[in-house]
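Contents: one structure, followed by commentary.
Bear in mind these aren't lab numbers, they're just calculated from the coordinates by the rules spelled out. For clarity, every value in this text was computed on a predicted model and none was experimentally measured. Please note: Cβ atoms are built from the backbone with ideal geometry, for glycine as well, and neighbour counts cover all protein chains shown.
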Amino acid sequence: MPRKKIFKRRRRFGLVAMRQTPYFKERVKAVEVGSKSISQLLREMGDTGFQGRKLGEVVDVWEEMINQGDRLLIMLGYAGSMSTTGMWRIICWLIENRYIDVLVSTGANISEDILDAMGAGYWKGHHLVDDEDLLRHKIDRFYDVFADELEYRKMEGLIEEFIMGLDESRVYTTREFLFKFGRFLHERGIHCILSAAYEHRVPVYCPALVDSGYGVAAFTASTRGKHIRVDMMEDFRELTRVVDRVGRSGVVYIGGGVPKDFAQLVTVCRDLMHGGEIAYPHEYAIQITTDSPQWGGLSGCTLEEAISWGKTSATGRNVTCYCDATIALPLVAHALFERVGKPRRGPDLSDVCEREP
């Protein structure tokens, strides 16, 4: 029997709740199995419940941000061990299509992609393994992903080679350091996050740069007499000015950690730039995380809590999806590919990328 007739029959016999309350506004809709695009599936999931609905809402909010064009600055906070799992090419795609305008990353995520881009790659492993035996074989483990420690050292050696060519008489921001390194990688034909950011003039900030292969490379360079200095406070001042220049901002957080709060605190500093009397929160905020709020940490902190700080807007569009980003990010990216289908013209930040403090 057709579904419409079944529905009418249920309604006739009083099997469909029609009671009017202020809480019954939109029905949950069951997902039908059939041939459909990822975009359509996520639209349908947006009418379901729990994290399926939230994942559908993530695409809706991100698409709305993209459609704002150069009137909105979109920042991406990129934490966790994502690049080792193959997520780094999605980040490149987001940069190349200007679905993000600024990247705030951990050092690991913008170095470990380079190892893959150099051809060494990562290997499917297992989380139940003899780690002492892995150490003997010089194999590094990221949960169920393996990497060759000897290849990892080559990647760090490449960073060291770049560092050895820097001018140690001056101070760099992480943004300038990473832009120059992106050019270095681009000239060597290594396609990765930083080379994509260099080509498309997307500033990259790394407030915890030393907590990665960059720190190791800087240390080994120092043993050869090369000492470089990085001013992360100037990064913070510069990004605050960038956000203030565009005027409106939205954020996407993959995980949490330092990249998240760096992007959050920019709104606080922007408030202070203007006397501290008017809040300038992010108008849009998306968070994909597996951390929960009850432990009090920033990675699990809700976007609603951030409203109390003036970091996110009470009247904006905020959505948190509690999901492993290795599941969520590929689905969201493919849905954006299907829905938007063309590069976005974002704010022109070329002068920021090429600026020397």
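The length gained by stretching the chain between ARG237 and GLU161 to full extension, at 0.36 nm per residue less their Cα-Cα distance, is 24.5 nm. Net length available on complete extension from HIS274 to GLU304 is 8.4 nm, with 0.36 nm assigned per residue and the Cα-Cα distance removed.
Principal semi-axes of the equivalent ellipsoid, √(5λ) from the alpha carbon gyration tensor of segment 93-229, are 26, 20, 13 Å from largest down. Taken along its three principal axes, the alpha carbon spread of segment 179-271 comes to 44, 27, 25 Å, from the longest extent down to the shortest. Segment 72-125 and segment 243-298 have Cα centres lying 20 Å from one another. Taking the square roots of 5 times each eigenvalue of the Cα gyration tensor of segment 261-357, largest first, gives ellipsoid semi-axes of 25, 23, 13 Å. Amide hydrogen proximity for GLY125: with H placed 1.01 Å from N in the peptide plane, the residues at 5 or more positions away or on another chain lying under 5 Å are VAL145, PHE146.
Here the chain was treated as a single set of alpha-carbon atoms; its pair distances binned every 10 Å from 0 give 5, 22, 30, 23, 12, 5, 2, 1, 0 percent. Of all DSSP beta bridges in segment 119-277, what percent run antiparallel (nearest 5)? DSSP beta bridges in segment 119-277 are roughly 75 percent antiparallel. Based on DSSP loop calls and a cut-off of at most 10 other Cβ atoms within 10 Å, the longest stretch of the chain free of exposed trypsin sites (Lys or Arg not before Pro) is what? No qualifying site falls inside 28-223, the longest such stretch. Backbone geometry of segment 230-242 corresponds, through the Karplus equation with coefficients 6.51, -1.76 and 1.60 at θ = phi - 60°, to 3J(HN,Hα) couplings of 10, 9, 6, 5, 5, 3, 5, 5, 5, 5, 4, 5, 5 Hz, x marking Gly and Pro. Think of the chain as a dipole: +1 on every Lys or Arg Cβ, -1 on every Asp or Glu Cβ, centred on the Cα centre; then among THR85, THR326, GLY119, THR326 lies furthest on the positive end. For segment 18-149, the antiparallel share of DSSP beta bridges with both residues in that region comes to about 60%. Near TYR280: Cβ cut-off under 14 Å, other residues only, Lys/Arg at +1 and Asp/Glu at -1. The net charge is +1. Spin-label model, HIS127/ARG183: points 7 Å from Cα along the beta carbon direction are separated by 4.3 nm. Taking the DSSP beta bridges in the chain as the whole, what percent of them are antiparallel, to the nearest 5? For the chain, the DSSP antiparallel bridge percentage is about 20. Among the GluC sites (Glu not before Pro) in segment 186-290, those located in a DSSP loop and surrounded by at most 16 other Cβ atoms within 10 Å of their own Cβ are GLU277.
Label-to-label distance for LYS138 and GLU338 is 4.5 nm, based on points extended 7 Å past Cα in the beta-carbon direction. With the alpha-carbon atoms of segment 52-95 aligned to their principal axes, the span from lowest to highest coordinate is 32, 28, 15 Å, starting with the largest. Across the chain, the longest run free of exposed loop sites, meaning chymotrypsin sites (Phe, Trp or Tyr not before Pro) lying outside DSSP classes H, G, I, E and B with no more than 13 other Cβ atoms within 10 Å, spans 144-357.
Among the GluC sites (Glu not before Pro) found in segment 25-102, those both in a DSSP coil and sparsely packed, with 12 or fewer other Cβ atoms within 10 Å of their Cβ, are GLU26, GLU32.
If R0 equals 51 Å, the separation of the Cβ atoms of GLN20 and SER292 corresponds to a calculated FRET efficiency of about 0.90.
Checked against a 29 Å cut-off, the cross-linked pairs LYS226/LYS311; LYS124/LYS154; LYS36/LYS311; LYS36/LYS342; LYS154/LYS226; LYS25/LYS260 give Cα-Cα distances beyond that limit for LYS226/LYS311; LYS36/LYS311; LYS25/LYS260. If R0 is 22 Å, the Cβ-Cβ spacing of VAL210 and ASP324 corresponds to a FRET efficiency of close to 0.20. For the pair SER222 and LYS29, a Förster radius of 56 Å applied to the C-beta separation gives a FRET efficiency near 0.40, rounded to the nearest 0.05.
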